[in-house]
1. Starting from segment 82-106, take each residue that is in a helix (DSSP H, G or I) and list its partners that are among the aromatic types (F, W, Y) and open to solvent by less than 50 Å² (accessible area, probe 1.4 Å), counting only C-beta distances under 7 angstrom and pairs at least six apart or across chains.
2. Kindly indicate the residue of segment 52-72 that is in a loop (DSSP other than H, G, I, E, B) and surrounded by fewer than 18 Cβ atoms within 10 Å (Cβ to Cβ) and also farthest from the chain's Cα centre (by Cα) among those meeting that condition.
3. Condition check: assigned to a helix (DSSP H, G or I) and modelled with pLDDT of 80 or more. Does G49 satisfy that?
Amino acid sequence: QTLGIDHAMASFIWLCGPITGFVVQPCVGVWSDKCRSKYGRRRPFILAGCVLICAAVTLVGFSADLGYMLGDTTEHCSTYKGLRYRAAFIFIFGFWMLDLANNTVQ
């Protein structure tokens, strides 16, 4: 909400967990069952999920600053109170990526 996203719209972001879980977990399960890596069937997917989790948490944590750097506003993110489209997009993308990565690791 500090990015200017309406409270009602922010609740839709929480739909990404069930949606990605419904799609990602069965797909990753099938792919890992067919995996012939020397590290095992599950470890490559767990490693990829962990790397994605790190990237997603970084995106979510720095979304306001990244939006500011990409030109959301000329004011600093700690003082500007309007909608920040770029920061909101980065946050939503990072949040979806975090859910996707969590489902991959699980």
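The values are calculated or read from the model by the stated rules, or taken from the named source; none is laboratory data. It should be emphasised that the depicted structure is a prediction, and the values quoted were computed from it without experimental measurement. When we count neighbours, we look across all protein chains shown, and the Cβ atoms used for this are built from the backbone with ideal geometry, even at glycine. These area figures cover heavy atoms from the full protein model, side chains too; ligands, DNA and RNA do not enter into them. Shrake-Rupley method; radii C 1.70, N 1.55, O 1.52, S 1.80 Å.
1. Pairs found: T104/F45.
2. Checking each candidate, the answer is G71.
3. In short, yes.
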